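**Student:** Sharing a structure here in C-alpha cells format.
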Amino acid sequence: MKKESIQSIILLGIVWVGLYGLTGCRTRQAGQITLGNATERPLVPDGNWQVPVDVTFRVPADYFTKRSRLVITPQLMINDSLRAEYTPLVLDADIYAKKKYRLEVLEDYEDPYRESALLVEDTHRAIEIPYRTTLDLPAGTREATLRAVISTDGCGECTGIDTLSVVEIEDPLNRLRPTMRHVEPKFVVREKIRQGEGKAHLQFLINRYDIDPSLGNNRVEMEQMRAALQPVLTDSLATLNALSITGVASADGSLALNTALARQRAESAKAWLTEQFDLPTAVERRISVNSRPEGWEPVLKAMLAANDPDAPGLAKLLERYADQPEDTQERHIRRSPFWQNIKEHYLQGDRVVEYRCDYTLRSFTSDEEMLALYATRPDAFNEEELLRVSALVDSADERMVVYQTTLRYYPSSAIAANNLALLYWEQGDEAEAERLWSKVADSLTEARYNLGMLKALQRQIDEAARLLEPFDDENARLVKSLITKE
C-alpha cells in the first residue's frame, strides 16, 4: 500500500473520531433549555384546525460542548402517539462544524441539516432560538402536545437527553353546549294603518282640465294610478280613511289661473277614479281635491342637472325676489335674457297630479282566520300576524316559508331573521345562518348570542367573545375564558 493511501486512511479515522466519538452524551451542569414567549394556557385550534406556534428556545451557557451538535426536534403527540415530526433546529459548535466540513471534503459526506444548521462560535454564552410554525391538526383533535426532543450528538445514537413540552393544545370548545336561541313571538292585535302615494304625469289641452286618454302618455299614466289605488278602493279587507288628489300648478302663467286650473284637473282625476271603481257615495266623500303651485325650483334643478350656463342667472334672480309673489318672479324671468331657453327646454309639457291615501286593513284575531287567509292574502298581514302564523304551521319547512314571506314584506323583522337563521343552521347551512344573524345581531339579543355561538364553533374565539360579552351562561363564560390576553 502506498504511503499516501495509508495517510488518508489515518486522517479519515481521526476525523470520524473527532466528529462522532467526541460528541456523545454528557452530563449537563448548566441547567435545562427553557422557553420564552410561551403561553401557560393551552392553545385552541382555529376553524381550519390550525394552531400558530411562536416560542423561543433558551439554551443556557455551556449546555453543549464546542465539539458537539445540538439538535432540537419538535414532535406532535396526540394520545401519547407520535403523529408528526418537524424540521429540527440544529446548532453546530465551532470545532464540530470544522470537523464536519473536513469529512464533507474528504468523504463526500452529506449532512441532512447542512442548509439549516446554525454555527455557534461560543458555547459558553446563552443562546436564544426563535421558533415559529403553524401546526395542522387532524379535524376533531381534542388534545395534543408539541414537544421538543433534545440531543447533543446528531449521530442518531443518543436520542433523548431531554424532552421539553413546548405547547399544550386543547379543544375546550368540545364542552360547548350550543343551544341556539329561538324567539317565540308575542301576538298582539294592532291596528293596521297604511299609506300610499304616487303621481301621474298628464297632458292637457291649453286651459283645459278634462282628461283625454289619447293625449301623450295619458292612458298609461291613468292606468298606473288605477292599479296603485285598486287594492285600497276595492279590497274587502281595506277601509279607506282618506284619499287626497292634488293638481300641481305649473310655474309659468298667472298663479291664480294656474292653481284654479290645477284644482279642476284634480277634480277630473277624482271623477275618473269614481267612474272606474263605481265608488259608493260614502267612499267618494273621503276623497278630497286641492292644488298647489309648483314654483320655479324644479326648473332651476333641471337646469343645474344639465349644467346649463343660464342656471346661475336664474338662481340669482330667484334669490333676489324670494320674498315676492310668484307672479313677480315670473314677470322678471320672462324679461330675462334666458327666458327663451327656459321656455324651449325646461317648461314641462305635462302636468302633475299627485295622490296620497290613508287606509286601514282589517286585523285578524283568530288562528283559524289567519291560517285561512295566509294562503291567499299574505300582503294583508302585519308583521305580528305573520309571525303568529309561523307558530301555527306544523313543520319546519312550512315555518321557513312563513319567515321568508315575513322578510319579503318586512325586511327589518329581526325575529323572522333570527328564527329563519336557526332553521338554516339546523339544516347545516352555516353561511346563510351567519348572514341573517349578522344582519340583526345589533338589534336582537338572541341573534347576537346565536352569532357568538356560531363564531365559537368556527373557532373565531376573539370575535365570539366580543359577541358573547353581555352574556353570563356557561357557554359564554367558557368562550370568554379562551380569549387571548395581551
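**Student:** Identify the residue in region 287-309 that is more than 47 Å from the chain's Cα centre (by Cα) and surrounded by 16 or more Cβ atoms within 10 Å (Cβ to Cβ) and, among all such residues, is nearest to residue 229 (Cα to Cα).
**Tutor:** 289
**Student:** How about region 290-336: which of its residues are part of a loop (DSSP other than H, G, I, E, B), among the acidic types (Asp, Glu) and under 20 Å from residue 259 (Cα atoms)?
**Tutor:** 294, 323
**Student:** While we're looking at this one, here's another question. Give the residue that is farthest from residue 351 (Cα to Cα), with candidates limited to residues of region 198-216 that are open to solvent by 70 Å² or more (accessible area, probe 1.4 Å) and free of Cβ contacts under 8 Å to residues at least 40 places away in the same chain.
**Tutor:** Looking at residues that are open to solvent by 70 Å² or more (accessible area, probe 1.4 Å) and free of Cβ contacts under 8 Å to residues at least 40 places away in the same chain, I get 214.
**Student:** Listed residues 450, 382; which is open to solvent by less than 50 Å² (accessible area, probe 1.4 Å), over 18 Å from the mean Cα position of the chain (by Cα), in contact (Cβ under 8 Å) with a residue 60 or more places away in the chain and closer than 30 Å to residue 367 by Cβ?
**Tutor:** It is 382.
**Student:** Okay, moving on. From 477, 459, which residue is within 16 Å of residue 177 (Cβ to Cβ) and at pLDDT below 95?
**Tutor:** Only one candidate qualifies: 477.
**Student:** For region 104-133, name all the residues that are touching a residue at least 60 places away in the same chain (Cβ under 8 Å), surrounded by 18 or more Cβ atoms within 10 Å (Cβ to Cβ) and either closer than 19 Å to residue 67 by Cβ or more than 51 Å from the chain's Cα centre (by Cα) (or both).
**Tutor:** Listed by number, the residues that qualify are 123, 127.
**Student:** So which residues in region 166-189 are modelled with pLDDT of 85 or more and either small (Gly, Ala, Ser) or not in a strand (DSSP E or B) (or both)?
**Tutor:** 179, 180, 181, 182, 183, 184, 185, 186, 187
**Student:** Another question about this same structure. Can you name every residue in region 347-361 that is open to solvent by 60 Å² or more (accessible area, probe 1.4 Å) and more than 38 Å from the chain's Cα centre (by Cα)?
**Tutor:** Across region 347-361, the qualifying residues are 348, 349.
**Student:** Among the residues of region 333-345, are any aliphatic (A, V, I, L, M), open to solvent by 20 Å² or more (accessible area, probe 1.4 Å) and under 30 Å from residue 205 (Cα atoms)?
**Tutor:** no
**Student:** List the strands (runs of 3 or more DSSP E) that sit entirely inside region 49-130 and contain at least 1 residues that are out of contact with any strand residue (DSSP E or B) (no Cβ under 6 Å at 6 or more places or on another chain).
**Tutor:** Fully inside region 49-130 and qualifying: 81-85.
**Student:** Follow-up question, since we're still on this one. Looking only at region 453-486, which residues are assigned to a helix (DSSP H, G or I) and closer than 20 Å to residue 184 by Cα?
**Tutor:** Result: 453, single match.
**Student:** Mind checking whether some residue in region 152-165 is within 30 Å of residue 359 (Cβ to Cβ), outside any helix (DSSP H, G or I), touching a residue at least 40 places away in the same chain (Cβ under 8 Å) and of a type in the set (Ser, Thr, Tyr)?
**Tutor:** No, region 152-165 contains no residue that is within 30 Å of residue 359 (Cβ to Cβ), outside any helix (DSSP H, G or I), touching a residue at least 40 places away in the same chain (Cβ under 8 Å) and of a type in the set (Ser, Thr, Tyr).
The values are calculated or read from the model by the stated rules, or taken from the named source; none is laboratory data. Everything numeric here is computed off the predicted structure, so don't read it as measured data. Reconstructed Cβ throughout: ideal geometry from the backbone, glycine too, with neighbour counts over all protein chains shown. All accessible areas refer to the heavy atoms of the entire protein, side chains included, with ligands and DNA or RNA removed. Shrake-Rupley method; radii C 1.70, N 1.55, O 1.52, S 1.80 Å.
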